[in-house]
Amino acid sequence: MRKIAIYGKGGIGKSTVCANLAAAISFQGEKVFQIGCDPKADSTINLTGGRPVLPVLEHVRSPTPPLLSQVVVTGFNGIFCAECGGPSPGVGCAGRGIITAFDFLEKKGAFKQLAPDYVLYDVLGDVVCGGFAMPIRDGYAREVIIVTSGEKMALYAARNIAMAIDRFKDRNYARLCGVIQNTRNVSNEDALVTQLCDTLNVPLLAKIPRDAEINRWEQENKTVVEGNPESDAAKVFTALAARIMKNEVRLES
């Protein structure tokens, strides 16, 4: 079982990347489980046809203990989908939803029951502390991929994420395996992202184009991989999936 955490600044497009990657991997006959680790709980919405997945945090607040089948929804091409959720805006710790959700999935033996080949954690990376650091420090994910653009704050967040990962390197926790460029067409973008990869000593795994086809299918609550698998944008995600599945960035177990 491969467990990969996808981090990036809020709004950088990591949920789009994660969902399309999940779809592309599933097309190769692999079982995929995507877990949204953002209080907005919208990571998997383009895998479920626009149907929101009720977050784990909401389920566990109910008086009746939830079943695993209530928390994990099956989406496009059999992809398992779950959302951690978070507190109401301005109330409590945003990372609490991740901690609660991970505890619930562990107690229910989710990974053993569902037996996915790939687990993708879609994690908000503006602040890598508390619950948001769980995929890095508690052995859930073994590999981390950062999504960035050439924008100043996206690059700043990427460096902070890499620093957080580096702090745990002596504890045999997750390691940084690569960067994905989600292109925004800013000035000198390719060079800036390449410089980041050189500084972090990791490969640039893919360059996602700023393609209207991606947005078109998101308006239909689908990934571009589902909506138009022969499009240039979908082929980039397919190639990314193939690169990851070939173990080019895999951390030895």
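At 1.4 Å probe size, with every protein chain present, just tell me what the per residue accessible area of the range 173-217 comes to in Å². Write down the numbers at each step before the final one.
Working: 2300 Å² over 45 residues.
Computed with neighbouring chains in place, this is 51 Å² per residue.
What accessible area per residue, rounded to a whole number of Å², is obtained for the range 13-122 using a probe radius of 1.4 Å?
Numbers: 4500 Å² over 110 residues.
Per residue, the range 13-122 has 41 Å² of solvent-accessible surface.
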Notebook entry, point to check: Which of the lysines could a cross-linker span from Lys112 if the Cα-Cα distance has to be under 30 Å and same-chain partners fewer than 8 positions apart are dropped?
Noted result: Lys3, Lys14, Lys31, Lys40, Lys169, Lys222, Lys246
Check: Of the accessible area of the chain, with the probe set at 1.4 angstrom, what percent is carbon plus sulfur?
Finding: 48 percent
Notebook entry, point to check: Mind listing the Cα extents of the range 35-87 along all three principal axes, in Å, largest one first?
Noted result: 32, 21, 15
Note to self: Given an 8 Å cut-off on Cα distances and at least 6 residues of separation, report the relative contact order of the chain as a percent.
What the structure shows: 25 percent
Next item on the list: Under a 10 Å cutoff between Cα atoms, tell me which one of Asp198, Asp117, Asp42 has the largest fluctuation in the Gaussian network model of the chain.
Entry: Asp198
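Which value does Rg/Rh take for the range 184-233 over its C-alpha atoms, Rh per Kirkwood? Don't jump to the answer; show the numbers that get you there.
On the way: Rg = 14.0 Å, Rh = 12.6 Å.
Over the Cα atoms of the range 184-233, Rg/Rh equals 1.11.
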Margin query: Please list, in order along the range 57-67, the HN-Hα scalar couplings obtained from phi with the Karplus expression 6.51 cos²θ - 1.76 cosθ + 1.60 (θ = phi - 60°), rounded to whole Hz, x for Gly and Pro.
Written below: 4, 6, 4, 6, 7, 6, x, 9, x, x, 8
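Need the full-extension length gain, Met245 to Asp198, defined as separation in residues times 0.36 nm minus the C-alpha distance. One decimal, nm.
Numbers: separation 47, 0.36 × 47 = 16.92 nm, distance 2.31 nm.
Contour length minus the Cα-Cα distance gives 14.6 nm.
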Next item on the list: State, to one decimal in nm, how far the label point of Arg51 lies from the label point of Ser187, with both points 7 Å from Cα in the Cβ direction.
Entry: 4.8 nm
Note to self: Run the numbers for Asp117 and Asn160: contour at 0.36 nm per residue of separation, minus the present Cα-Cα distance, in nm.
What the structure shows: 12.6 nm
Next item on the list: Counting only C-alpha contacts under 8 Å and six or more residues apart, can you give the relative contact order of the range 99-225 as a whole percent?
Entry: 21 percent
Check: For the chain, what is the percent of antiparallel DSSP beta bridges, rounded to the nearest 5?
Finding: 5 percent
Notebook entry, point to check: From the list (1) 16.9, 54; (2) 18.1, 56; (3) 32.7, 102, can you say which value of Rg and Dmax of the Cα atoms in Å was derived from the structure given?
Noted result: (1)
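The values are calculated or read from the model by the stated rules, or taken from the named source; none is laboratory data. Remember, predicted model here, so these are calculated numbers, not experimental data. Because the Cβ atoms are built from the backbone with ideal geometry, glycine has one as well, and the counts that use them run over all protein chains shown. Keep in mind that these areas ignore ligands, DNA and RNA; they rest on the heavy atoms of the full protein, side chains included. Shrake-Rupley method; radii C 1.70, N 1.55, O 1.52, S 1.80 Å.
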